[in-house]
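Colleague: One structure, as structure tokens, below. Some questions next.
The values are calculated or read from the model by the stated rules, or taken from the named source; none is laboratory data. These figures come from a predicted structure and were not determined experimentally. Positions of Cβ are backbone-derived with ideal geometry, glycine not excepted, and every protein chain shown enters the neighbour counts.
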Amino acid sequence: MLYIVPSPIGNLADITFRAIEVLKSVDLILAEDTRTSGKLLRYYQIEKPTSAYHQHNEHKVVAHLTEQLMSGKTMALITDAGTPGVSDPAFLLVRECIKNDIKVECLPGATAFVPALVNSGLPMNSFCFEGFLPLKKGRQTFLKKMAEEERTMVFYESPMRLVKTLKDFIEYFGAERLCSVSRELTKIFEENKRGTLQEVHDYFEAKTVKGEIVIVVGGKK
């Protein structure tokens, strides 16, 4: 059996009792970065074998892991932060489990875009989650398509690319489009900056940006 276990996006207290129980019960924990996850596991005194499972090795190890699961092993998949599969590895392994009739159970839990969307003040009755934008190839085509999107849009971005992405949004969406940028969610220095794309761009252009970033942009009216 494979458990998909969300991990805290910042504050280590943001994990469910059930998630802790599952992590303590499995034979093996698959972690995006065993060093990062090690902090969480030590905090909750979880002493289980861990193995790396990330975007750079998932194609190589998925067959072996599937064989182990078919032989009777129980595993839990976690990422550095949030729910596996949401802009993080999980899809390939889940797909192989389904193909081979291996039970998959996904626990509810932390995902960064949900609190960012809820506290943005933008409509959330209908929205689209787009994850990370293309870096080069296809970026222009993608932005042109998103410029016509009428639903609220949610994106992930790195701190080093935030200002450039906001500048691109201004070019394609218009400077007056409303947006919200959430940074370091659930952590001590959590910040939520709201306003027009131009206002938010100017704010972050004038400061050093750190931490994980979620951008929420209003849809086309």
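Colleague: Condition (residue is closer than 19 Å to D80 by Cβ and within 17 Å of the chain's Cα centre (by Cα)) applied to the stretch 130-150: is it met by at least one residue?
Modeller: Looking for residues that are closer than 19 Å to D80 by Cβ and within 17 Å of the chain's Cα centre (by Cα), one finds at least one in the stretch 130-150, hence yes.
Colleague: Please go through (1) touching a residue at least 24 places away in the same chain (Cβ under 8 Å); (2) within 22 Å of the chain's Cα centre (by Cα); (3) in the same structural domain as I46 (by TED's automatic domain parsing) for R95 and return the number of the only condition it doesn't satisfy.
Modeller: Going through (1) touching a residue at least 24 places away in the same chain (Cβ under 8 Å); (2) within 22 Å of the chain's Cα centre (by Cα); (3) in the same structural domain as I46 (by TED's automatic domain parsing) one by one, R95 breaks only (1).
Colleague: Applying the selection to the stretch 1-60, what residues are within 25 Å of K99 (Cα to Cα) and of a type in the set (S, T, N, Q)?
Modeller: S25, T50, S51, Q55, N57
Colleague: Any idea which residue in the stretch 61-86 is nearest to E96 (Cα to Cα), counting only those that are modelled with pLDDT of 95 or more, within 17 Å of the chain's Cα centre (by Cα) and hydrophobic (A, V, I, L, M, F, W, C)?
Modeller: Restricting to residues being modelled with pLDDT of 95 or more, within 17 Å of the chain's Cα centre (by Cα) and hydrophobic (A, V, I, L, M, F, W, C), the top hit is L77.
Colleague: Quick check on my filter: what residues within the stretch 99-139 are among the charged types (D, E, K, R) and modelled with pLDDT of 95 or more?
Modeller: K99, D101, K103, E105, E130, R139, listed by residue number.
Colleague: Please pick out the residue among Y172, Y156 that is touching a residue at least 24 places away in the same chain (Cβ under 8 Å) and within 23 Å of K221 (Cβ to Cβ).
Modeller: Working: Y156 fails: within 23 Å of K221 (Cβ to Cβ).
Just a single option satisfies the conditions, and that option is Y172.
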